[in-house]
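Every read-out reported here was derived from the displayed coordinates using simple, explicitly stated rules and does not represent laboratory data. Given the structure is predicted, the values throughout are model-derived calculations rather than measurements. Here the Cβ positions follow ideal geometry from the backbone for every residue, glycine too, while neighbour counts run over all protein chains shown.
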Amino acid sequence: MDHWQYLIVLGACLLITAPLEFLGAGVYRQPVRLLLSVGPVAAVFVMWDAIAIAGQVWSYNPRYISGVDVGFSIPLEELLFFIVIPICGLLTYSAVSTILGALRGRR
């Protein structure tokens with residue numbers, strides 16, 4: 001079970017924030033916009049990770065990851081982290097913006 005912990009946490013983050021899609025402008029309903037916002041930042045951080053791993057600045061405990069590398073010794077979970085967490089942030093931001101906008105409209 002330990003090998004799945006990182007993936008389980010990422011899945012839980014997606015599951016918890018999924019209903020927010022219906023409260024906001026629709027993060028998943030705008031895939032090009034989503035890709036343009038998450039893609040460049042994820043690319044920079046993946047490169048940063050690759051450099052840090054190669055320089056032995058940090059590593060990942062094999063006990064808590066699946067063992068699947070996406071290249072340059074980067075675990076699958078780490079790549080997914082740079083995609084999943086920003087998506088969860090965008091979902092939250094969109095929902096909160098919509099709710100605050102509606103509350104301001106009531107005044």
Quiz item: When the scattering of region 1-75 is computed by the Debye formula from its Cα atoms alone, each counted once and equally, what is log10 I(q)/I(0) at q = 0.20, 0.22, 0.27 Å⁻¹?
Solution: -1.03, -1.09, -1.17
Quiz item: HN-Hα J couplings of region 80-86 from phi, Karplus 6.51/-1.76/1.60, θ = phi - 60°, integer Hz, Gly and Pro as x?
Solution: 5, 4, 6, 9, 5, 5, x
Quiz prompt | Within the chain, helix-based [θ] at 222 nm, where runs of 4 or more DSSP H residues each add -39,500 (n - 2.57), nearest 500 | solution = -22500 deg cm²/dmol
Quiz item: Roughly how many whole Å is it from the C-alpha centroid of region 11-29 to that of region 32-51?
Solution: 20 Å
Quiz item: Could you give the angle, 0 to 90 degrees to the nearest 10, between helix 31-54's Cα long axis and the longest principal axis of the Cα atoms of the chain?
Solution: 30 degrees
Quiz prompt | Separation of the Leu100 and Leu76 label points, Cα + 7 Å toward Cβ, nm | solution = 3.7 nm
Quiz prompt | Label-to-label distance, nm, for residues given as Tyr93 and Ser66 (7 Å Cα→Cβ offset) | solution = 2.7 nm
Quiz item: How much net charge surrounds Val96 when only other residues with a Cβ under 15 Å from its Cβ are counted (Lys, Arg +1; Asp, Glu -1)?
Solution: 0
Exercise. Would you mind calculating the relative contact order of the chain from Cα pairs under 8 angstrom and at least 6 residues apart, reporting the percent as a whole number?
Key: 46 percent
